[in-house]
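Here is the structure we will look at.
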Amino acid sequence: MSNPQNNEQFWSQWVIVNATSFCASCFLTPIVLGVAQWFVLRRQIARISAWWILTSFVGFFVTGLVSFYLFFGSSFSYFCIRYANTNVCWVVTYTIGGAIGGAITGTHQWLLLRRHISLPGLWIVWIITSTLGWALGGALSSAVHWKLLDTNSNFGALVIFGIIFGAVSGAITGGVLVWLLQRFSPHRRFG
């Protein structure tokens, strides 16, 4: 039987770590996010591989590349400049970039999580969760980011962008991670 307090503590730590480390990753290196997640996760899964650290690096990098390409190097950017509101287009690019980065991250993370989850078919749940978390994180954070740029410095807007992206994606992935570990992990530490 699980202990709801431990579940809640893990989820809260996961959200806080994602919010703060995603923000730090915007300025330092995406490795910060992976290291922070790994430290929190290994309290629940003692033998989670340190390869976890690199999973978010790849997703973070791909999100940035896809978003940059869509906004600056594609026919979509031409459409945005010519016919649409640039801020709306920026939100769309970060939503798409976040979804792709989240799918890549979720796939790599599942390769490590599957050793600790007893039902192998749950890979699709985790990849969809990661995709959705990163897409919603990208959408909400970029919407707020562009609104804040009108009134604040670029630095402050980027800090808020990182915190929102990390908190949203962390809340979604953390909730599903608690559920997976609570119900399907023979190595669970909850309770």
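Summary of computed values
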item: Among the residues listed as Ile104, Ile124, Ile128, Ile100, the single one being crowded, with 18+ Cβ neighbours inside 10 Å and either free of Cβ contacts under 8 Å to residues at least 40 places away in the same chain or over 17 Å from the mean Cα position of the chain (by Cα) (or both); result: Ile100
item: Matching residues in the stretch 131-146 - criterion: being open to solvent by less than 50 Å² (accessible area, probe 1.4 Å) and either of a type outside the set (Gly, Ala, Ser) or in contact with a strand residue (DSSP E or B) (Cβ under 9 Å, 6 or more places away or on another chain) (or both); result: Thr131, Trp134, His145
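The values are calculated or read from the model by the stated rules, or taken from the named source; none is laboratory data. None of these values were measured; they are calculated from a predicted model. Cβ sites come from the backbone with ideal geometry, for glycine too, and all protein chains shown count toward neighbours. Note: accessible area is taken over every heavy atom of the protein model, side chains too, but ligands, DNA and RNA are not part of it. Shrake-Rupley method; radii C 1.70, N 1.55, O 1.52, S 1.80 Å.
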